[in-house]
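What follows is a short report on a single structure.
The values are calculated or read from the model by the stated rules, or taken from the named source; none is laboratory data. Computed from a predicted model, the values in this text were never measured in an experiment. Cβ: placed from backbone, ideal geometry, glycine included. Neighbour counts: every protein chain shown. Surface accessibility is based on the protein's heavy atoms, side chains included, excluding ligands, DNA and RNA. Shrake-Rupley method; radii C 1.70, N 1.55, O 1.52, S 1.80 Å.
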Amino acid sequence: MSPPAGAVLGRCAFATARGLTLRAGGALAGLEETPQALEFRGRGGDLRPLPWPGEEVVFRRVLQGPTPEAPGRHLDLLGLLHAARDAGGRPGYRGGCAAVAHGDLAAYAEALRQARRLCEGPARRLLARAGAGARRPPASAHGARQAGAAQPGLRLAAGAAAALWLYRPAAQEAAEPLLLEGLRQVAWLAGYARASLLAFQEPRPGAVAVDARLIARCREAKQREIEGIEDDFRAEYERRLAEIEQERAEAPQPRDLQ
């Protein structure tokens, strides 16, 4: 049975303390075994995707894996990143995220609200405990406590490696609602349905501004997608109709059987 629209299916707090440390439950319990889905540092030590001090970065990633809460085997992961130092004093991040059914755009607002709460409380405590040298309990044991049984195999979905960087222009009115609508509009496009989205507070090289123009362009692109689908259906219908007419013309008529 499909989960109800708007439902948050799993939650996770994480931090780069001693490696990538996290606590997850619900449909995200499997992340304790495969935390790479929450790795934002690039290969070779690339720190460009990380938030700057005092900056909040919003992200959307798509996960794939067998979870009872997601029969379609995909989850949209909505979350926040804040800059933080790891136990060795190196640049890192802390964050919170929540999972919803893939394509459930109506659930994005609630997912981000819960992610912010996780980022401010549990993620800070993860850093504090790791900095004090506290030992982490076995991941599978924690997952079992949180969700009854860990869900193995969660990973970034095919296509999630492609990333689109966004940023919020300074001094724009209603910045938070506009950002949320921008994420929804981009995620709705077929070309970005599984792409990773990162929305910064400050401009980055190659990042696209989340503003009314972006939303308008997304809506225009979606309309073209819909029209293309309708054209494809129409072409297929006409092709099949022609085949039926041809089959009918070539079928033996009653007089041919006498």
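Write out, first by first residue and then by second, each pair whose Cβ atoms fall under 9 Å of each other, whose residues are 6+ apart or on separate chains, and whose first residue, in region 40-58, is within 13 Å of ALA84 (Cα to Cα) while the second is among the charged types (D, E, K, R) and part of a loop (DSSP other than H, G, I, E, B). Short answer, once both residue conditions are applied: LEU47/ARG41; LEU50/ARG41; TRP52/GLU202; GLU55/GLU202. When ALA161, ALA150, ALA157 are checked against the criterion of being at pLDDT below 90 and open to solvent by 50 Å² or more (accessible area, probe 1.4 Å), a single residue qualifies: ALA161.
Rundown of residues vs (1) open to solvent by 10 Å² or more (accessible area, probe 1.4 Å); (2) touching a Gly at 6+ places or on another chain (Cβ under 6 Å), yes/no style:
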site: ARG60; (1), (2): no, no
site: GLY65; (1), (2): no, yes
site: ARG73; (1), (2): yes, no
site: LEU78; (1), (2): no, no
site: GLY95; (1), (2): no, yes
site: ALA106; (1), (2): yes, yes
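Out of region 14-56, which residues are assigned to a strand (DSSP E or B) and farther than 21 Å from GLN201 by Cβ? Let's see the steps before the verdict.
As a first pass, look at region 14-56 and keep what is assigned to a strand (DSSP E or B): 14-17, 19-26, 42, 46, 56.
Within region 14-56, ALA17, GLY19, LEU20, THR21, LEU22, ARG23, ALA24, GLY25, GLY26 meet the criteria.
Look at (1) over 21 Å from ALA106 (Cβ atoms); (2) open to solvent by less than 20 Å² (accessible area, probe 1.4 Å); (3) over 18 Å from the mean Cα position of the chain (by Cα) and you find that PRO203 fails only one, number (2). One residue stands out in region 32-45 among those that are modelled with pLDDT under 90, charged (D, E, K, R) and open to solvent by 40 Å² or more (accessible area, probe 1.4 Å): the one that is nearest to TYR93 (Cα to Cα), namely ARG41. Of everything listed in (1) of a type in the set (D, E, K, R); (2) outside any helix (DSSP H, G or I); (3) loosely packed, with under 14 Cβ neighbours inside 10 Å; (4) at pLDDT 70 or above, the single unmet condition for ARG213 is (2).
In region 165-194, the residues that are within 19 Å of GLY103 (Cβ to Cβ) and at pLDDT 90 or above form Cβ pairs under 6 Å with partners that are open to solvent by 60 Å² or more (accessible area, probe 1.4 Å) and assigned to a helix (DSSP H, G or I), at six or more places apart or across chains, as follows: VAL186/TYR192. Of all the residues in region 34-54, those that are more than 22 Å from ALA187 (Cβ to Cβ) and out of contact with any Lys or Arg (no Cβ under 9 Å at 6 or more places or on another chain) number 9. Applying the condition of being within 22 Å of the chain's Cα centre (by Cα), modelled with pLDDT of 90 or more and among the charged types (D, E, K, R) to region 216-237 and asking which residue is nearest to PRO49 (Cα to Cα) yields ARG217.
Looking only at residues of region 1-31 that are open to solvent by 40 Å² or more (accessible area, probe 1.4 Å) and more than 22 Å from ALA109 (Cα to Cα), we find that the one that is modelled with the lowest pLDDT is MET1.
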